[in-house]
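Shown next, in C-alpha cells, is the structure this report addresses.
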Amino acid sequence: MLSGFAILVLSPLLIPVIIILKLTGEHYIFYKQKRIGKNAKPFDLLKFATMLKDSPNMGTGDITMKNDPRVLPFGAFLRKTKINELPQLFNILLGDMSIIGPRPVTAKHFSYYSPDVQEGIGKMLPGLSGIGSTIFRDEEAILAKTGMDYTECYKTMIAPYKGELELWYLNHKNLWVDFQIIFLTAWVVVFPSSQLPYKTFKDLPAKPSWMEE
C-alpha cells in the first residue's frame, strides 16, 4: 500500500526522469540487475539507468567508483540524489522488497558475507534503504580512499562491517526503528558526512578503525 501510494505521489518526479532518460544518453530508462532476496533467492532489481549499457563488462565491472567514467551526466545527478533507486518501489509493490531492510547485493557480493550473515540476511526481505546503506551512503568514495584493489577492499573491509550492521537490524527491527531509518536515509542524502545514525542508534556495531581515518 505504501509503495503504491509513493509511486502515485512521486509520479510528477518519475515521469520527467523517464522522459529525460529516453531523450539523452543511450536512450534507455531502466536497468535490471540480479540481486539476492529473501531466502537467498535472486530477483530482478530495478533502477533508473545511470551508466553505459555495457558497463558491467567495462572497467571495475559491478563495482562503481567515485567519478566513474561509465556514469552518464544525468546519471550522476540521479545517483547523487538517490533518485535512481526509486524504481525499486515497483519491486516493493511486487513483494520482492520492503521499504526498510538489508540492501540487496549481487550473488558475487553476497558470497563475501560470512555464513551467519548470509543466513540472517536470508530471513528478511531486502530493503529500498536500510541501516547498512545509511552508514555506507558514499561507498564509492570509501573504495577510492583506501587505494586498495576494489574487489579486495569490498571483500575484506566493507562486507564484514556491512554484515554486522545488517545483523544488528535483524535483532532490532520494529516499526519505530524502520521510521527512524527512513528519516536517516533522507538526512544523510542532504548531510552525507553526518554521524546522526550513530547518535540515533547508540548500540550500533563499532566503526572499524579504517573508517575513522
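Some points to look at:
- Most mobile listed residue (D96, D149, D203) in the chain, GNM with C-alpha springs under 10 Å: D203
- Packing-based exposure ordering (other Cβ within 10 Å, fewest first) of H27, H109: H27, H109
- Distance violations [Cα-Cα > 21 Å] among K145/K207; K47/K80; K123/K145; K173/K202; K41/K123: K123/K145
- Amide H within-cut-off set for F30, under 5 Å, with H built and near neighbours excluded: A49
- Model label zone, F191; criterion: amide N under 12 Å from point 7 Å along Cα-to-beta-carbon; scope segment 198-213: 198-200
- Lys/Arg +1, Asp/Glu -1 at C-beta; segment 2-212 dipole; positive extreme among F43, I20, P73: I20
- Our estimate of slack between V9 and Q33, defined as 0.36 nm per intervening residue step minus the Cα-Cα distance, is 6.1 nm.
- Entry for percent of Cα pairs over 24 Å apart (calculated from the structure that is shown) out of (1) 42; (2) 36; (3) 54: (1)
- By the combined test of axial Cα extent (at least 24 Å) and Kyte-Doolittle hydropathy (mean at least 1.0), the qualifying DSSP H helices of the chain come to 2-23.
- Candidate aspartates and glutamates for bridging to K155, where Cα separation is under 18 Å - those fewer than 8 sequence places away on the same chain excluded: D62, D116, E119, D138, E139, E140, E164, E166
- Electrostatic bookkeeping for L45 treats Lys and Arg as +1 and Asp and Glu as -1; over the other residues with beta carbon under 9 Å from its beta carbon, the sum is +2.
- Assuming charge only on the beta carbon of Lys and Arg (+1) and of Asp and Glu (-1), the dipole of segment 2-212 about its Cα centre is about 280 debye to the nearest 20.
- Shape call, segment 4-109: gyration tensor on alpha carbons, a/c limit 1.5: oblate
Where a number appears in this text, it was derived from the coordinates with a stated rule and is not lab data. Here the structure is a predicted model, which is why all the values come from computation and not from measurement. Positions of Cβ are backbone-derived with ideal geometry, glycine not excepted, and every protein chain shown enters the neighbour counts.
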